[in-house]
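The values are calculated or read from the model by the stated rules, or taken from the named source; none is laboratory data. All values derive from a computational prediction rather than experimental measurement. Heads up, the Cβs are rebuilt from the backbone with ideal geometry, glycines too, and the neighbour counts pull from every protein chain shown. Surface areas here come from the heavy atoms of the whole protein model, side chains and all, with no ligands, DNA or RNA. Shrake-Rupley method; radii C 1.70, N 1.55, O 1.52, S 1.80 Å.
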Amino acid sequence: MPDCCKMKHHPRSEEEIKKIKNRLHRIVGQMNGVEKMIEENRYCGDILIQISAIEKSLQSIGYQILEEHLKSCVVEDIQEGKVETMDEVMKLMKNLK
């Protein structure tokens, strides 16, 4: 299976999936709000504040998923002796910045 299609060894709980999906739906709502603000020719500063809030929300979800990844997949790989996983972790952390 290609790297882009890896599956978790320990699936997320239904509650965890629900929380992430709810947060993503709020972000989609914020993005729709920004689109409407642009259509209404709203003040640039107000639009930029909303964009900043969206970025922070996405970053927060990213860190939440990274934490889950570290506590499950990475721990498991390290216990199995797959130390090259740390290279992946570093790359993921740099991408989240």
Rounded to 10°, Cα long-axis angle of helix 14-39 versus longest principal axis of the chain
30
About its Cα centre, what dipole magnitude does the chain give when the only charges are +1 on Lys and Arg Cβ and -1 on Asp and Glu Cβ, stated in debye to the nearest 20?
240
Per residue of the chain, what 222 nm ellipticity follows from adding -39500 (n - 2.57) for every DSSP H run with n ≥ 4, rounded to the nearest 500?
-24000 deg cm²/dmol
Can you tell me the relative contact order of the chain? Whole percent, Cα pairs under 8 Å, sequence separation 6 or more.
28
Toward the positive end of the charge dipole of the chain, about the Cα centre and with charges on Cβ (Lys, Arg +1; Asp, Glu -1), which of S57, N32, V75 goes farthest?
N32
Once the chain is represented by equal point scatterers at the alpha-carbon sites, with solvent omitted, what log10 I(q)/I(0) does the Debye formula produce at q = 0.11, 0.15, 0.17 Å⁻¹?
-0.47, -0.75, -0.88
Find the accessible area per residue for the range 19-70; the probe is 1.4 Å, ligands and nucleic acids are left out, and the unit is Å².
72
Roughly how many percent of the accessible protein surface of the chain is carbon and sulfur, given a 1.4 Å probe and a whole-percent answer?
58
Entries of K18/K91; K8/K71; K6/K56; K19/K94; K8/K91; K19/K71 with Cα pairs more than 21 Å apart
K18/K91; K6/K56; K19/K94
